[in-house]
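Quick note: the coordinates plus some simple rules give every number you see, no bench work behind them. This structure is a prediction, so every number in the text was calculated from the model and none was measured. Methodologically, a virtual Cβ is constructed for each residue, glycine included, from the backbone with ideal geometry; neighbour enumeration extends over all protein chains shown.
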Amino acid sequence: MKIIIAGYGKVGSALTRQLSAEGYDLTIIDSRKQKLEYGQGLYDIMCVHGNCAAMEVLKQAGAESADLLIAATNADEVNLLCCLTAHKLNKDIHTIARIRNPEYSEQIVMMRDSLGLSLLVNPEKQAAQEIERLLKYPGFLKREKFAHGRVEIVELRVTADSPINNVTLSQMGSVTSCKALVCTVLRNGEAIMPKGDFVLKEGDRLFVTATTNELALLLKNLGIITHRVKRVIICGGGSITYYLAQMLEKGYSEVQIIEKDANKCQTLAELLPHASVVNADASDLTLWEGERLSERDAIVSMTGLDELNMIISLYVKSCGVEQIITKLSRTESSAILDNLSLGSVICPKDLCSNTIVGYVRGMKNQTGASIAVHRIADGKAEATEFHVTKDTMNCGVALKKLRLKKNVLVACILHLARVEIPNGDSCFYPGDTVIIVSDTDRAITKLNDIFE
């Protein structure tokens, strides 16, 4: 499959890394020569220097014969024109545009067909939706939904006083009194697909599969806070803050925004009349000394600087704030981040690139292709949802008799309305839905890829 990526920024580079590893034929367009030279030194890709919205540049990149164009420059208008022009050159091409400006949201959806857009992605809005879910149902560091929300894979950390600290996985069910499966453990930056004799230790980050009801029981039995937050401080006044504050206000949460740019404060105050907007520097410790942090349910750190976000999160954690969410632009140093008390870490570019990669895989093989793909464990593992069809191998065979590839796990089976957390005797049949967890050394693009 031939793919063109227009714009080699944060999202473009993340997509290039993921898609090149899966063997796609990639061509990158960017107006910055240094960026292209850097990318070409890392990956086996073609590069075209120029304006990606210009017809001649798109022709040079091969748009007339390409299968997919992903427009991910920093300018929404350029992305839209790029997709529109590519569609005129090639009526069969799929086009994905990154649109970030909230002012365009409604009209772009209305004009999607006219513009020839296959998919719209908004990293900031996706990040806000993820943060809102974490605030709405606290207790977990991350949550990924599958099967229309009936099953989730969640992340939690083992603490020193946790009931499951120093407990083997085979004993975990009797301790928590719920049906849940630990599909991945992140320890010291390494993703592990554990077996029953694996002993959980303080600091481990667990990725657990279960139904929503069972997860609520898991939280209760582990003694983890579960009440919905009502008082939130957001540090930073960017687009994510705008989207998030809108969502929180609808849920009647008390929102306070701290932003040092006076013009942004004025704009936010006009757009969000029910929020309290404070013109101040979130890095000023005297500001926090005046706040009664112990009375706040959550702090969301998402200024434009990763380092500042981490410092704020570490400080408010030491002040006893119950829930902390940290926005980071880059998460490559996961081994370092894993040892810091940053709460839930949200990376907009990763959310966006995962959505696009899921679309690409669906294009590659429509029959038996994945329905949903989520990267977990800091990108070291994937959870993928598939429909079981008549062409799926080993239907009706007990899992304990299957020869699965290394580091591949069947995490959940959905038999129509019934959700099963599988054991060795479980089977899947045509019509079922399964969730597969695997490492990222190989891409599982269709269900039959899991078998030896």
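For the range 221-267 versus the range 374-452, the inter-centroid distance based on Cα atoms is 38 Å.
So what's the back-of-envelope 222 nm ellipticity for the chain, counting only DSSP H runs of four-plus at -39500 (n - 2.57) apiece and dividing by all residues, rounded to 500? That comes out to -9500 deg cm²/dmol.
Overall dimensions of the range 231-321, expressed as equivalent-ellipsoid semi-axes from the Cα gyration tensor (√(5λ), whole Å, largest first), are 19, 15, 12.
Taking 0.36 nm per residue of separation and subtracting the current Cα-Cα distance, fully stretching the chain between residue 314 and residue 401 would add 26.6 nm. Shape annotation for the range 358-450: C-alpha extents along the principal axes are 30, 25, 24 Å, from largest to smallest.
Modelled spin labels at residue 168 and residue 46, positioned 7 Å past Cα toward Cβ, are 5.6 nm from each other.
Taking amide H as placed 1.01 Å from N in the peptide plane, the amide H of residue 404 sits under 5 Å from that of 452, each at least 5 places away or on another chain.
Per residue, the convex hull around the alpha carbon atoms of the range 178-298 comes to 166 Å³. The distance linking the range 96-150 with the range 32-61 is 28 Å (Cα centroid to Cα centroid, whole angstrom).
The simple Förster model, with R0 at 41 Å and r as the Cβ-Cβ distance, assigns residue 60 and residue 340 a FRET efficiency of 0.35. Extending 7 Å from the Cα toward the beta-carbon at both residue 283 and residue 266 defines two label points whose distance is 2.4 nm.
Listed by chain and number, the aspartates and glutamates placed with their C-alpha closer than 14 angstrom to that of residue 446 are 22, 382, 385, 391; residues fewer than eight positions away on the same chain are left out.
Which part of the range 48-79 falls in the paramagnetic zone of residue 107, meaning amide N under 17 Å from the point 7 Å along Cα-to-beta-carbon? Label zone hits: 75-79. Taking a point 7 Å out from the Cα of residue 415 in the direction of its Cβ, none of the residues of the range 199-216 has a backbone N less than 14 Å from it.
Can you tell me the relative contact order of the chain? Whole percent, Cα pairs under 8 Å, sequence separation 6 or more. Once normalised by length, the contact order is 11 percent.
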